[in-house]
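Data first, discussion second: the structure below is written as structure tokens.
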Amino acid sequence: MAISVHHVDKSFGDTPILRDVCVDVATGSLTALLGPSGGGKSTLLRVIAGLEQPDRGTVAISGSDVTRVVPQRRNVGFVFQHYAAFKHMTVGENVAFGLRVRKRPRAEIRARVSELLELVHLEQMADRYPAQLSGGQRQRMALARALAVEPEVLLLDEPFGALDAQVRKELRTWLRRLHDEVHVTTVFVTHDQEEAIEVADTIVVLADGVVVQSGDPQEVYDNPATPFVMRFLGPVTELGGRLVRPHDVELTGEPRPGAVPATVSRIVRLGFEVRVEMVSAGRPTWAQVTRDLARRLDLTPGDTVYLRPLAERELLAAGAP
Amino acid sequence: MARHVLRLTALTYLLFLLVLPVGLIAWRTFEHGLGPFVAALSTEEARHAFRVTIVVALWAVALNTVFGVGTAILLARHEFPGKRLLNALIDLPLAVSPVVVGLALVLVYGRFAPVGGWLDRAGIQVIFSVPGMVLATAFVSLPLVVRAVLPVLAELGDEQEQAAYTLGATGWQTFRRITVPGIRAALGYGVVLCLARSLGEYGAVAVVSGRLVGQTQTLTLFVEERFQNFDQVAAYAAATSLAVIAVLTLLVTRLLRPKDSR
């Protein structure tokens, strides 16, 4: 394991932020810490980096216990949400910083800096100051700076949080490709489930300071451990008191075993998919169907249709937390 | 109309309070050309007063720079019991009259006081000598560096410093390469203000120095002593040079003050 966090507790004053958190991050993986704001994701990342001390529990990096080790000696790269660019240094000097304080030979620093700037596509920007870069460029510079010291693990705190939607999407894909190229164990914090599913190969869901579930994105999406995780990872609707993904609802015009009747109240066409809003047993529900199916059934408000969950999955009761 | 009245009032106020007195001093100084001015400031006493003033001011500025930066970092980056008290104490020198400061220092460091007596036996004379004058000057100019640096440090935040730590920089490397460049302009501003205040200090220094001509006489004390002895040429000449130094430091602060954006 590249990172092992064991039974970590952390409070700020009387407010518990992390409660008995255990997380293992496999070497070479790209892991997302996913959860709502205030769930303790960033604090956990800072505990791993050594920027916060846990009240209890241990942190190990590459097998050695670093709980009491200062951040300087943990060999981690950390990328901050707001870049933490050294404003008085050029892009090149920013990237070179970690190597300079390590007193590496000049020629080596120069070679490594230009190699990294090429990796993050900033080779033209070496002599600019951070203030002259766009948000996305600054974040890439911060990434190059963190990678310069060849860290054992790379930690990214909401790396795309301060960027606009378009740049966010580009950087996401780019980060995935970069990880495939560099293979450094990476952990990133995000509150965006789409980002986590798209980029990560492992997702750790954190809420109220507790690890609720961890696993690969498909598993967490398809077999959520709790209704909370299910709701957080994608759209959900209720069917006969159970939670279902709207695209996992089978909708037919004729009654079938296990299906419940529902009355169509509204039909919304969103390009290739159709959102059918219904009332079943006095409660609202909805299903996501293809345009083709909607046309075949000739759905209009007031029709009676029959619904049942598509897959044979363990369904979660809607009432549970 | 109201605006004109307001403007006229402000100008008149400044004229009688500031422009007229300072202007008259300058006029009196150079009334008979540069000759008497140069002669008055080339006497042994005058040159000695210049030297004492510079030595005392530089020491006070050095002490307050170290103390100021250290305290600002402590207040901006750390939580500790007594923080609010420390924060309030820093402004005390602004409220206490310099004469009181001088007397208080004599009470502690005078030859017949416990601390002063102990130092005296160790061969260090504080009161009526340069160390006491440095203490008095440092006391009155104490808040200037802290108050200039603290807001900038707080605004800067600690993310850059934390980034430096994760990149392997030690505390000292981080301070020198990240913190100091970040506060450079504010620090320069605070230092110049502190220097200006130190050069012009009179009350506290008057009490602790003993005003020994040719020994512990600073430029401000020299002005007063010459004036009392009806040597108005020397008094005006020294006063003018103090004013010129003040204007120069003001200009430097003006140059340091603007946009610290990059």
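Quick look at the values:
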item: Residue within the stretch A:180-194 that is assigned to a helix (DSSP H, G or I) and within 23 Å of A:Leu99 (Cβ to Cβ) present; result: yes
item: Some residue of the stretch B:53-61 being within 26 Å of B:Thr137 (Cβ to Cβ) and surrounded by fewer than 12 Cβ atoms within 10 Å (Cβ to Cβ); result: no
item: Subset of the stretch A:193-223 (residues that are surrounded by fewer than 18 Cβ atoms within 10 Å (Cβ to Cβ) and free of Cβ contacts under 8 Å to residues at least 40 places away in the same chain); result: A:Glu194, A:Glu198, A:Gly215, A:Asp216, A:Gln218, A:Glu219
item: Which numbered condition A:Asp222 fails, given (1) touching a strand residue (DSSP E or B) at 6+ places or on another chain (Cβ under 8 Å); (2) charged (D, E, K, R); (3) closer than 30 Å to A:Val23 by Cα; result: (1)
item: Which listed residue is among the small types (Gly, Ala, Ser), in a helix (DSSP H, G or I) and surrounded by 21 or more Cβ atoms within 10 Å (Cβ to Cβ), from B:Ala163, B:Ala154, B:Ala88; result: B:Ala163
item: Sole residue being more than 19 Å from B:Gln215 (Cβ to Cβ) and surrounded by fewer than 18 Cβ atoms within 10 Å (Cβ to Cβ), chosen from B:Pro81, B:Pro98; result: B:Pro81
item: Candidates A:Asp298, A:Asp208, filtered to the one that is among the acidic types (Asp, Glu) and more than 30 Å from A:Thr15 (Cα to Cα); result: A:Asp298
item: Wholly enclosed helices (runs of 4 or more DSSP H) of the stretch B:179-262 bearing at least 1 residues away from chain A (no Cβ under 14 Å), touching a helix residue (DSSP H, G or I) at 6+ places or on another chain (Cβ under 6 Å) and farther than 28 Å from B:Gly33 by Cβ; result: B:180-200, B:203-209, B:232-256
item: Within the stretch A:64-91, considering residues that are more than 10 Å from every other protein chain (Cβ to nearest Cβ) and out of contact with any Ser or Thr (no Cβ under 8 Å at 6 or more places or on another chain), the one farthest from B:Arg176 (Cα to Cα); result: A:Ser64
item: Residue that is nearest to B:Arg176 (Cα to Cα) [pool: residues in the stretch A:101-137 that are within 14 Å of chain B (Cβ to nearest Cβ) and crowded, with 18+ Cβ neighbours inside 10 Å]; result: A:Val101
item: Tally, over the stretch A:47-63, of residues that are away from chain B (no Cβ under 14 Å) and either touching a Leu at 6+ places or on another chain (Cβ under 6 Å) or not hydrophobic (A, V, I, L, M, F, W, C) (or both); result: 7
item: Every residue from the stretch A:234-246 that is under 21 Å from A:Val274 (Cα atoms) and free of Cβ contacts under 8 Å to residues at least 60 places away in the same chain; result: A:Gly234, A:Pro235, A:Val236, A:Thr237, A:Arg245, A:Pro246
item: Of the criteria (1) out of contact with any Pro (no Cβ under 8 Å at 6 or more places or on another chain); (2) of a type in the set (A, V, I, L, M); (3) outside any loop (DSSP other than H, G, I, E, B), which one A:Leu171 fails; result: (1)
item: Failed item in (1) out of contact with any Pro (no Cβ under 9 Å at 6 or more places or on another chain); (2) among the hydroxyl-bearing types (Ser, Thr, Tyr); (3) modelled with pLDDT under 95, with B:Thr174 passing the rest; result: (3)
item: Selected residue (criterion: nearest to the chain's Cα centre (by Cα)) from residues of the stretch B:147-170 that are closer than 24 Å to B:Asn87 by Cα and within 10 Å of chain A (Cβ to nearest Cβ); result: B:Leu156
item: Entirely in the stretch A:23-137, the helices (runs of 4 or more DSSP H) that have 1 or more residues that are more than 24 Å from the chain's Cα centre (by Cα); result: A:91-101, A:106-119
item: Residues satisfying the stated conditions in the stretch A:138-162, i.e. outside any loop (DSSP other than H, G, I, E, B) and either within 11 Å of chain B (Cβ to nearest Cβ) or in contact (Cβ under 8 Å) with a residue 60 or more places away in the chain (or both); result: A:Gln139, A:Ala142, A:Leu143, A:Arg145, A:Ala146, A:Leu147, A:Ala148, A:Val153, A:Leu154, A:Leu155, A:Leu156, A:Asp157
item: Near pairs, Cβ below 7 angstrom, 6+ apart or cross-chain, from the stretch A:89-111 (within 19 Å of A:Arg74 (Cβ to Cβ)) to any residue that is among the basic types (Lys, Arg) and assigned to a helix (DSSP H, G or I); result: A:Phe97/A:Arg145; A:Gly98/A:Arg145; A:Leu99/A:Arg112
item: Residue among B:Thr71, B:Thr43, B:Thr53 that is farther than 29 Å from B:Val233 by Cβ and among the hydroxyl-bearing types (Ser, Thr, Tyr); result: B:Thr71
item: Some residue of the stretch A:262-269 being under 25 Å from A:Tyr306 (Cα atoms), modelled with pLDDT of 90 or more and crowded, with 21+ Cβ neighbours inside 10 Å; result: yes
item: Residues that are over 13 Å from the mean Cα position of the chain (by Cα) and at pLDDT 90 or above, drawn from the stretch A:181-200; result: A:Val184, A:Thr185
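The values are calculated or read from the model by the stated rules, or taken from the named source; none is laboratory data. If you're wondering where the values come from, they're calculated on a predicted model, not measured in any experiment. We place every Cβ from the backbone using ideal geometry, glycine too, and count neighbours over all the protein chains shown.
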